[in-house]
Amino acid sequence: MKKMLFMLMLLAPMATFAQKFGHVDTQAIMQSLPELSKVNGELEALSKEYQNQLEEMQKELQTKSENYQKMQSTMNETKKQETEAELNKLYEKYQQALQDNQVAFQKAQQEKMQPIQDKVFQAIENVGKNGGYVYIMQTGSLPYISSTLSTDVTAAVKAELQKMK
């Protein structure tokens, strides 16, 4: 019985070393995908659209504010209050549009990027399963990855993505 226990203790570390670990650079993979260029172009166009909308609102607010500054001395108190209220409404509308655009852009970014991320993660999973890996870790998220104990599977994942097309 002692010999059996001793043999198990000797073989246990060997079983641990037999496990395969991999690491992958998903940033490099994502950058190499043509779909990412298309999505980035769409997001850039959307960002420009939102920016133009805000610039237009800002110009309107600035013009009305300048007109108010010029005409303020000739206005009666009621007209001043009405104009100030209108300027405040315009400013609030601008602030709300700014927030709405940020939320809408983040939502669009998430919706457009999710299918690409899912595809990359599926390719990583396929490589992991086919290669018998226990773990495939993201480079950059860990301060150190041993190149002797962990295999860089970035090229294998890129090849898997080519097969998935």
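Just so you know, all these numbers are worked out from the coordinates, no wet-lab data involved. A quick note: this is a predicted structure, and the numbers were derived from the prediction, not measured. A quick note on method: Cβ atoms are made from the backbone with ideal geometry, for glycine too, and the neighbour counts reach across all protein chains shown.
So which chymotrypsin sites (Phe, Trp or Tyr not before Pro) in the stretch 53-157 pass both tests, a DSSP loop state and at most 12 other Cβ atoms within 10 Å of the Cβ? Don't skip to the end; give the middle numbers.
Working: sites: Y68, Y91, Y94, F105, F121, Y133, Y135, Y144; in loops: Y144.
Those that pass, being in a loop and sparsely packed, are Y144.
Electrostatic tally near E82: other residues with Cβ closer than 15 Å to its Cβ, Lys and Arg +1, Asp and Glu -1, net +1.
The reciprocal of the average 1/r between distinct C-alpha atoms defines the Kirkwood hydrodynamic radius, which for the stretch 61-141 equals 17.7 Å.
Suppose only helical runs count, i.e. DSSP H with n ≥ 4. What mean residue ellipticity at 222 nm does that imply for the chain under -39500 (n - 2.57) per run, divided by all residues and rounded to the nearest 500 deg cm²/dmol?
On the way: 5 runs with 127 residues, N = 165.
Taken over the chain, the calculation gives -27500 deg cm²/dmol.
Under unit Cβ charges (Lys, Arg +1; Asp, Glu -1), what dipole magnitude, rounded to 20 debye, does the stretch 91-165 have relative to its Cα centre?
Result for the stretch 91-165 is approximately 240 debye, rounded to the nearest 20.
Of all the Cα-Cα pairs you can form in the chain, what percent are over 22 Å apart?
On the way: 8987 of 13530 pairs.
The answer is 66 percent, as a whole percent.
Taking the Cα centre of the stretch 36-158 as the origin, how large is its charge dipole in debye, to the nearest 20, when only Lys and Arg (+1) and Asp and Glu (-1) carry charge on their Cβ atoms? Walk me through the numbers before you get to the answer.
On the way: 14 positive and 17 negative charges, 59 e Å.
So the dipole magnitude of the stretch 36-158 works out to roughly 280 debye.
Stretching Q69 away from M164 to a fully extended chain increases their span by 27.9 nm, per 0.36 nm per residue minus the current alpha-carbon distance.
Each label was represented as a point 7 Å from its Cα along the Cα-to-Cβ direction; for Q53 and E82 these points are 3.0 nm apart. Rank N88, Q69, G140 by how far each Cα sits towards the positive end of the charge dipole of the chain (+1 on Lys, Arg Cβ; -1 on Asp, Glu Cβ) and give me just the farthest. Towards the positive end, the residue furthest out is G140. Across the options G131, A156, Q27, the greatest Cα extent toward the positive end of the charge dipole of the chain (unit charges at beta carbon of Lys, Arg, Asp, Glu) belongs to G131.
Estimated from the Cβ-Cβ distance and a Förster radius of 45 angstrom, the FRET efficiency linking M113 and K93 is about 0.90.
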